[in-house]
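**Q** Following this message is one structure expressed as structure tokens.
The values are calculated or read from the model by the stated rules, or taken from the named source; none is laboratory data. Just so it is clear, the structure is predicted and the values come from calculations on it, not from any experiment. Every residue, glycine as well, gets a Cβ built from its backbone with ideal geometry; the counts of neighbours run over all protein chains shown. Side chains are part of the model used for accessible areas, which takes the heavy atoms of the whole protein and leaves out ligands, DNA and RNA. Shrake-Rupley method; radii C 1.70, N 1.55, O 1.52, S 1.80 Å.
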Amino acid sequence: MPSLVNQILLNELEHAFESMGSCVVLDVGPVQPDQDIEIRGKLRDAGVDYRVVRNRLASKAFAKMGLDMSVALKGRTGIALAEKEGAIAAAKVLKAYITANKECPIAIKGGVVEGEAYVGDQAGVIAELPDRDTINTKIVTAISGPARSMAVIFNAVAGGMARCIQAKVDKGE
């Protein structure tokens, strides 16, 4: 019977991992019920699906995707699954929660963003990554900045020339 339950759980994890865009792997220590409710609420507000998983099953599901997350899958593990790069927002929420609560029993151990695994020391970097909207804004600003400057320069040349002509007309020349 346990092998059937494990197979069902593994299939569910594999399906969840295939449909996710990104995830954050957490070390969930001795969390009190009120802390667990608060963490789950914050992650839910960030649009993230959170669950506590069995390390062996999660390792198999990650291995099927071609990711080695064995370093992050130690101890009691929770995984926050998100669409696209939603794990970045989840990591930011978790980092803020960890910072606000000095005796916090959770820690970010790893994650996957756009198919790339972050484990160990790199795990904290996930919260520092910019999301897609920020990157798109920076790209548009970088492209439109020089174009806007050129438009101002061309407009200034034409405007200056028009003012010179108007001054000549006003003098009667």
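**Q** Just read off the accessible area of Thr141 with the full protein assembly in place, 1.4 Å probe, to the nearest 10 Å².
**A** 80 Å²
**Q** Here's another thing I want to ask about it. Which of rounded, prolate or oblate describes region 1-56 when judged by the alpha-carbon gyration tensor and an a/c cut-off of 1.5?
**A** Cα axes put region 1-56 in the oblate bin.
**Q** Also, I was wondering about something else. How would Cys23, Cys164, Cys104 rank on accessible area, largest to smallest, probe 1.4 Å? Each step should come with its number before you reach the end.
**A** Working: Cys23 0, Cys164 90, Cys104 25 Å².
The ordering from most to least exposed comes out as Cys164, Cys104, Cys23.
**Q** At a 1.4 Å probe radius, which order do Val152, Val5 fall into by accessible area, largest first? Before the final figure, lay out each step's value.
**A** On the way: Val152 90, Val5 60 Å².
Accessible-area ranking of Val152, Val5, largest first: Val152, Val5.
**Q** Also, quick follow-up: Extending each Cα 7 Å along its Cβ direction at Lys60 and Arg40, get the distance between those two points in nm, one decimal.
**A** 2.5 nm
**Q** Assuming R0 = 41 Å, what is the FRET efficiency of Glu128 and Val169, from their Cβ-Cβ distance, to the nearest 0.05?
**A** Values: r = 60 Å, r/R0 = 1.47.
Plugging the Cβ-Cβ distance into 1/(1 + (r/R0)^6) gives 0.10.
**Q** Seen from all sides and averaged, what is the projected area of the convex hull of the Cα atoms in region 59-173, in nm²?
**A** Numbers: hull surface 48.5 nm².
About 12.1 nm², averaged over all directions.
**Q** What are the ³J(HN,Hα) values, in whole Hz, obtained from phi via the Karplus relation 6.51 cos²θ - 1.76 cosθ + 1.60 with θ = phi - 60°, for each residue of region 9-19 in sequence order, with x given for Gly and Pro?
**A** Listing the rounded values in order: 4, 5, 4, 5, 5, 4, 5, 5, 5, 5, 8 Hz.
**Q** Quick check: from the Cα gyration tensor, does region 98-137 come out rounded (a/c under 1.5), prolate or oblate?
**A** Cα axes put region 98-137 in the oblate bin.
**Q** May I pose another question? Rolling a 1.4 angstrom probe over the protein chains, ignoring ligands and nucleic acids, what is the accessible area of Asp170 in square angstrom, nearest 10?
**A** Accessible area, nearest 10 Å²: 110 Å².
**Q** Further, regarding this structure: Efficiency by 1/(1 + (r/R0)^6): what FRET value for His15 and Asn155, r their Cβ-Cβ distance, R0 = 41 Å, to the nearest 0.05?
**A** Values: r = 57 Å, r/R0 = 1.39.
Here the calculated transfer efficiency is 0.10.
**Q** With a Förster radius of 25 Å, plug the Cβ-Cβ distance of Leu4 and Ser70 into 1/(1 + (r/R0)^6) and report the FRET value to the nearest 0.05.
**A** Working: r = 25 Å, r/R0 = 1.00.
FRET efficiency, Leu4 to Ser70: 0.50.
**Q** Continuing with the same structure: Starting from the Kirkwood radius over alpha-carbon pairs of region 11-125, derive D by Stokes-Einstein at 20 °C in a medium of 1.002 mPa s and give it in µm² s⁻¹. Kindly include the intermediate steps, with their values, before the conclusion.
**A** Values: Rh = 13.8 Å.
My calculation gives 155 µm²/s for D.
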